[in-house]
Each structure stands twice: as structure tokens, then as C-alpha cells.
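Report on one structure; see the data block that follows.
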Amino acid sequence: MKISLVSACVLAAALAGPARAANDAKDDYERPYHVEDGKVDQSVYNGYRRYGNSCLQCHGPDGLGSSYAPNLTESLKHMTHEQFSDTVINGRQNVTASQQNVMPSFGHVEDVVMYLDDIYAYLKARSDGVLGRGRPERMLKK
Amino acid sequence: MLRRTALAIALAFSATAGSTVASANDELLKLQKDPNQWVMANGNYASWRYSPLNQITRENVGQLRPAWQFSTGVLRGHEGGPLVIGDVMYIHTPFPNRVFALDLNNPGRVIWRYEPTQDPSVIGVMCCDTVNRGPAYADGKIILSQADTTLVALDAKTGKEVWKVKNGDPAKGETSTMSPLVVGDKVMVGISGGEFGVRAHVTAYNLKDGKLVWRAYSVGPDSDILFDPQKTTEMGKPVGANSSLKTWEGDEWKIGGGGTWGWISYDPELNLIYYGSGNPGTWNPSQRPGDNKWSMTIFARDANTGVARWVYQMTPHDEWDYDGVNEMILADNVEVGGQRVAKTLVHLDRNGFGYTLNRENGELLVAQKYDPVVNWASHVDMKTGRPQVVREFSTGSGGEDNNTQNICPAALGSKDQQPASYSPKTGMFYVPTNHVCMDYEPFRVSYTAGQPYVGATLSMYPPKGEDHMGNFIAWDAGKGKIVWSKPERFSVWSGALATAGDIVFYGTLEGYLKAVDVKDGKELFSYRTPSGIIGNVNTFTHKGKQYIGVLSGVGGWAGIGMAAGLGGDNEGLGAVGAYKALSDYTQLGGVLTVFALPN
């Protein structure tokens, strides 16, 4: 909790300063979210909800994992955006004599495919430690 | 077992007889009364989970120790518990749904082992881990309801398949987790998939050959739900025509849920089965105006025909996911308001109310909170049977995209499927409970067959200012009062067992098997098994000696919320202990532990 607060401050400062103007395409890609004073943009918020509908029952509250599916806030520290999308679209099975892990494929699920970048943005913000647990607050619409 | 041929002959004669209770029943009717065996998941047809065995007592239980253990080789959540028939113990696992027949004469030796071939994609459509609550026994067969909804009868001696039938379609999100119940010449089984917009049913198959006899849906036209508009009653009145359809808008009933994944009980004298249905369609109430009958309902159905005698909907138009599937305990001569009621049904619902009904006619006798923090309804109106919803905690009243906070209980319920125990000796019910609250925000979802149809985001946490998430309680169902309550760090997700030794057993999510005094809940024994316990405790004798058996292996719904620890925005506001993750206490792995007193 402490760590994420600190990084939230760092980020807030970064966003407030000239860095914001330099918020180019590459940055958007690596940090696909806007979090200010603990408040999130519409994309992150939608991602949070879509996560709740389609992923939470396995990956646990706040992306933190369950007794049988990985903690995605950890996974996104080493997965690229592409690997993430690929896993979600195509799914993954790891069924052996000792493991019965199935990540379903979501390629044909509208509510996931359409909002995949939002889900990624939410999980990435969680993974980068800029967003705490629970329901995020939305920024006021401008 | 010796009587098998006689039974088979009797069965052949009664195969299609409509009105009489068939004779395979006679075997089970007798066996369920034999304390030396444990022949059905909840001990007897009345789902008491009670044993008159009294070698292990309040005085000596402290000396209990493991006699032998057996690893199932499967990691995920192990719900349900062992069956014991004669000298053989039968245990099962979550997906891949192995069944082991273990020799009690040579503890733990495997007589046979069965593992079905199932398409692993079914794992992806199981809502809350791949749990299974165990097989049923009858007439020399072990009957298992696999994850992919295949119902299979195995020869209890050899493990060879006798017949097999498909009860649902996993491509639509229909799966199975429940323990079937054999009544007379029929096997009864339901459907899971309330989070996938399925339309659930209970179906009866011939015990002999697996042929479908009747199927009763939870929602839909009268012909599908097997209602007689004049004879089927709720609160003493006929339900009338189209009692389900009237309470849905448009075609929403076709994806109306009403999961039937809990336990079934049976009263042989009335020839009625009892079970409950789960949540209606999506968790977003705005998408399904109306009472959404008959989701969240207790059903009493004729075992021969499936036709409903009476129903009672506990949570009309659910806004919280309070599935009504928990076990129905059939207790006799319960004193309610100074009067003895010969035949009652006691049900501790997910919604936090403990209900006592007259099980002959569905009359509502008692409806009281069994956890004081329950706040979504102030009380149940005893005239109409309807809960009086507190507006502040109605997740539908604010509409979609509106977050409702501090609702108690959480969607997990004040209690989930983990079955309670009833002791006819004390007249009390011993109940494993959850003590968890939630925020709930509904939002619009579209339905895709075989995909989650949830439509709400939730966060769960212990009640404000408290640091424990479970209680093990003694409940007086006649008065509707908690007699004693023993706090537990985590939800108690294990089925209880009371015995004539004046003790009650249950397991904890950290992995302790505990025994407490029936009188005050004082802890008399605890032993740490290898993993968290979400299984149910049983007891039996072998060569005259009493044993206690339980499966450990953490997981299930409890494993979802608690692997990460419950928490949220309020993290760090005190009550730090409560947020400690379950993973700090236990890891996965299915193990059977059998306990006994030293010789």
C-alpha cells in the first residue's frame, strides 16, 4: 500500500509537469492509463468493470490472483501488451497429471474484445502500483 | 451388498411404477440409519450430518489423532466428503473428478480408481473453481456427476461404468458440482452455471439404466417447471397459471438462471424432495425487472413425478446474488412459539436469514437473521413472506453504474453451500458461517452463450470495525436465535458434523479440523491438516472403532476472494489482521485425513 501511494505521487507529479506534454505515443503504450490523485480515466474505470465481469472469478479481486489462477498484477510486470492480448484472445491450457489450469479464450466475446485495451490499462495501472485495491474513483468528465 | 440380487429383482418389477416408492429405496432407507456407515453426502435423507456414535466424546476428543492419510494427487479445491459403505471408503476430487475406492481393512489401499475423460475447456466455464461435492451410493453403484454434466454410474465393486448420461451442455456454461441424491429408483441431479445465464433444472434419471424420468426447470412455462397452477402453492395459496413467466420481462427468463447446484433432501413419508434455486440471470437487476420467479426459491416436489407441491421464494428480484441453494435440513418436532411442529424444514440461506417452514405445506414459521450484521433487509414480513429491503442497500434502486456500499452479507452469503449439522440430541443446528460484507455495482452486460453473464463488480471485506470473517454458531431454529457464536479468522467453508459424544466437528480455511463442545462452542480439539478445509466432516466405524474423516484442499469460492486477502479502499484503516491473505496460512493440495482415538 505504501509503495503504491508513493508511486502514485511520483506519477501525479510527472503528469502535472512538462512530462505531460511529452506524453507521446510510446508513453501511452507503456503507460496506457491516466491516474490523477487516485482518480482514473474512463478507460481504466471501464477496464475495472469488465475485469469484474469476465476475469475476477478466476484471477481474484483487484487482479491479485486466486488459488488457481495467476496474480495478473505480477504477470504484467513481465508480459508485453501483445503477449497479454494474445493470451486473452486465444486462451491457454495447462492440463497435466498434476495441473488443471485453463485460461479460456475470449476471442469471440464482445464485452472482452471490444474493451481489451481498457482491461489492460486497468491491470497495468494496478501492476505499476499507481492504483490501489478496490473500486477506483473516476475523474470528473471535462 | 449381500442383498443386491434381491434388490435388482425388486427393482425390475417396480421400474415404471408411478405411485409407490420403489425398493432400491428400502436399502438406502435402512443404510442411512446405520451409524457405522456414511452412505449419503449429508449423512441421511434429512441432511442432518449427525451421528449417534459416541466413542469419541467431549471428554476424550482431545486425544484424537490422525490414523492414516491419503493424497488425491489433485491440487484444486476439495469440497464434499467421503462415503463409507461396508469396508470401503469412496472419495472424489475436483476436476478431473477422480473417484477412489479405498480399502478400510488395509487403510488407504486403492481397490479401484476411476478417472473420466473430459474436455478440459469445461474448466474455463466453472464459476468458482472446479469443485465437486461427491458421488452418491445406491444399489451397488457409485453415481458421480462430473464437471461436464455427465452423470455416470459405476459398479461400486469394480469401478466399471454401468451407464452414463449427459445432463447439460458446457458450451452454454452448464456444468456440475453437486452431489446427486438417489431416491427410490431415481437419481436426482441439478445444474450449475448461474454466472453464465443458463436455465437450470433438477432432473431425475432411472437408477437402473440412466433413462430420463422427469425434468423440472426453475424458471419458464408451467409445463417446464412442472407446476400445477391449482395445486402448487406458495404461502398456502395456489400459484396460478404462468407463475414464473409473469415475473419476467420479454425473453429474459430463457437465460433466467435459478441454478440448482446445492443439496437435495428427501422425506420418505411425504415422498417429497426439497432443494433451492440460485440467482436469476445477470447480477445486474435493472436488466431483469420483476420477481424473477422461481429463482431464489425453496421447492418441495413429488419424488415420483417432479410436480411441485409448494414453493417459497426467499429473495424475490435478487439484487445481491443470494443463491437459495443451501441445504434443507428436515427436523421433526421443533418447538415454534410454544407449539411442536411435527415436520419442519430448516434452511440457513445465503441472504442471512434462517428460515423454518412446515415442510408438509410450506407454511413460513420463522425467518430471523443468523448473523447480526445482516442489513439488506430489516425483516421478513410473515404474512407475505417477502423480505423488507432496506433502500440504502438495494443495489437496483440506484440503477446501473451506481455503487452500493457496506451491504451485509456479501454475495458469498452469511453461509454458502457448506452444510450445517442438526443434532436431534440437543435440538440445535450447528452452522458454519461467513461474516463478510460488500460493495456492489451493477452494470449492463450482453449475453453470449457460454460466457460469463455477471454484470456487477463487487468488493468484499469484513464488517466495519471487525477483524474476523467467519463464525461457527449454534442456532435455535424454533426461536430464530443464535445460542452461541465462535469467531474464526476466515469464513468457515466446511460442512459440520455433530455427534452423540456432545461435540461438533468442522474444518477451517487455514486447515484445522476442530471439535467444539455442543453446549458452548468451547474448542476441545484442533489439528492442522496439510491444506485449508472446504470439505465436509463425516464419521463411521470400522471393526467397532469410531473414525472421523475429512478432505482438505483449499479452493472453491473461498479460494478466490481469500487467496489475495479481502481488502480494498479501507485497507490500512485498522483491523489489519483481517486482511492477512489466506495464502500466508495454507497452500493447495487434496488430502484425506482419517482420525481415531489411540488404541
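The values are calculated or read from the model by the stated rules, or taken from the named source; none is laboratory data. What you see is a predicted model, and the numbers here were worked out from it, not measured in a lab. A quick note on method: Cβ atoms are made from the backbone with ideal geometry, for glycine too, and the neighbour counts reach across all protein chains shown. Each accessible area value is taken on the protein alone, full model and side chains, heavy atoms only, with ligands, DNA and RNA left out. Shrake-Rupley method; radii C 1.70, N 1.55, O 1.52, S 1.80 Å.
Number of residues in region B:122-146 that are more than 14 Å from chain A (Cβ to nearest Cβ), touching a residue at least 60 places away in the same chain (Cβ under 8 Å), over 15 Å from B:N167 (Cβ atoms) and of a type in the set (A, V, I, L, M, F, W, C) equals 1.
How about region B:198-303: which strands (runs of 3 or more DSSP E) wholly inside it have at least 3 residues that are over 24 Å from the mean Cα position of the chain (by Cα), within 23 Å of B:Q388 (Cα to Cα) and at pLDDT below 95?
Details: elements: B:201-206, B:212-217, B:265-267, B:272-276, B:297-302.
No strands (runs of 3 or more DSSP E) qualify here.
No other residue among B:G184, B:G168, B:G197, B:G190 is among the small types (G, A, S) and open to solvent by 10 Å² or more (accessible area, probe 1.4 Å) apart from B:G168. Of the residues making up region B:460-487, those that are open to solvent by 10 Å² or more (accessible area, probe 1.4 Å), more than 14 Å from chain A (Cβ to nearest Cβ) and either out of contact with any strand residue (DSSP E or B) (no Cβ under 8 Å at 6 or more places or on another chain) or not in a loop (DSSP other than H, G, I, E, B) (or both) are B:G465, B:E466, B:D467, B:N471, B:D476, B:K481, B:I482, B:V483, B:W484, B:S485, B:K486, B:P487. For region A:49-82, filtering for residues that are in contact with a strand residue (DSSP E or B) (Cβ under 7 Å, 6 or more places away or on another chain) and within 23 Å of B:N403 (Cα to Cα) leaves 4. B:D467 passes every criterion in (1) within 25 Å of B:R65 (Cα to Cα); (2) in contact with a Gly (Cβ under 6 Å, 6 or more places away or on another chain); (3) in contact (Cβ under 8 Å) with a residue 40 or more places away in the chain apart from (1). Scanning region A:57-116 for residues that are within 7 Å of another protein chain (Cβ to nearest Cβ), assigned to a helix (DSSP H, G or I) and open to solvent by less than 60 Å² (accessible area, probe 1.4 Å) yields A:Q57, A:P61, A:D62, A:D111. In a residue-by-residue description of region B:138-155, the property of being surrounded by fewer than 18 Cβ atoms within 10 Å (Cβ to Cβ), closer than 27 Å to B:A303 by Cα and at pLDDT 95 or above applies to at least one position.
May I ask you to say which residue of B:G532, B:G521, B:G549 is part of a loop (DSSP other than H, G, I, E, B), modelled with pLDDT of 95 or more and touching a Leu at 6+ places or on another chain (Cβ under 9 Å)? Full working, then the answer.
On the way: B:G521 fails: touching a Leu at 6+ places or on another chain (Cβ under 9 Å); B:G549 fails: part of a loop (DSSP other than H, G, I, E, B).
Of the residues listed, the single one that is part of a loop (DSSP other than H, G, I, E, B), modelled with pLDDT of 95 or more and touching a Leu at 6+ places or on another chain (Cβ under 9 Å) is B:G532.
Report those strands (runs of 3 or more DSSP E) wholly inside region B:54-159 carrying at least 3 residues which are out of contact with any helix residue (DSSP H, G or I) (no Cβ under 6 Å at 6 or more places or on another chain) and under 22 Å from B:G193 (Cα atoms).
Details: elements: B:65-71, B:83-85, B:88-92, B:99-103, B:109-114, B:136-138, B:141-145, B:150-155.
Counting at least 3 such residues, we get B:141-145, B:150-155.
For region B:377-414, the set of residues classified as among the polar types (S, T, N, Q), within 30 Å of B:G236 (Cβ to Cβ), touching a Lys or Arg at 6+ places or on another chain (Cβ under 8 Å) and not in a loop (DSSP other than H, G, I, E, B) is empty. Among residues of region B:41-67 that are over 26 Å from B:P530 (Cα atoms), those with a beta-carbon under 6 Å from a residue that is open to solvent by 10 Å² or more (accessible area, probe 1.4 Å) at least six positions away or on a different chain give the pairs B:N44/B:Q32; B:Y45/B:Q32; B:W48/B:Y422; B:P52/B:P35; B:P52/B:A500; B:L53/B:P35; B:N54/B:A500.
Based on this model, can you work out whether B:G43 counts as buried (at least 19 other Cβ atoms within 10 Å of the Cβ) and of a type in the set (G, A, S)?
Details: buried (at least 19 other Cβ atoms within 10 Å of the Cβ): yes; of a type in the set (G, A, S): yes.
The answer is yes for B:G43.
Quick check on B:T356: is it among the β-branched types (V, I, T), closer than 24 Å to B:A331 by Cβ and either within 18 Å of the chain's Cα centre (by Cα) or assigned to a strand (DSSP E or B) (or both)? For B:T356, the condition - among the β-branched types (V, I, T), closer than 24 Å to B:A331 by Cβ and either within 18 Å of the chain's Cα centre (by Cα) or assigned to a strand (DSSP E or B) (or both) - is met.
Candidates are the residues of region A:117-142 that are within 17 Å of A:E36 (Cβ to Cβ) and of a type in the set (A, V, I, L, M); the one that is nearest to the other protein chains (Cβ to nearest Cβ) is A:L131. The C-beta contact set for region B:585-599 (first residue touching a residue at least 60 places away in the same chain (Cβ under 8 Å), second residue among the charged types (D, E, K, R), distance under 6 angstrom, 6+ apart or interchain) comprises B:Y585/B:E510; B:T586/B:E510. Candidates are the residues of region B:114-161 that are closer than 23 Å to B:G561 by Cα and of a type in the set (D, E, K, R); the one that is nearest to the chain's Cα centre (by Cα) is B:R133. Looking only at region B:262-297, residues that are open to solvent by less than 10 Å² (accessible area, probe 1.4 Å) and under 30 Å from B:E400 (Cβ atoms) come to 16 in all.
Let's see how each residue does on (1) more than 14 Å from chain A (Cβ to nearest Cβ); (2) on the phi > 0 side of the Ramachandran plot; (3) under 22 Å from the mean Cα position of the chain (by Cα):
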| position | (1), (2), (3) |
| --- | --- |
| B:S47 | yes, yes, yes |
| B:A67 | yes, no, no |
| B:G73 | no, yes, no |
| B:Y90 | yes, no, yes |
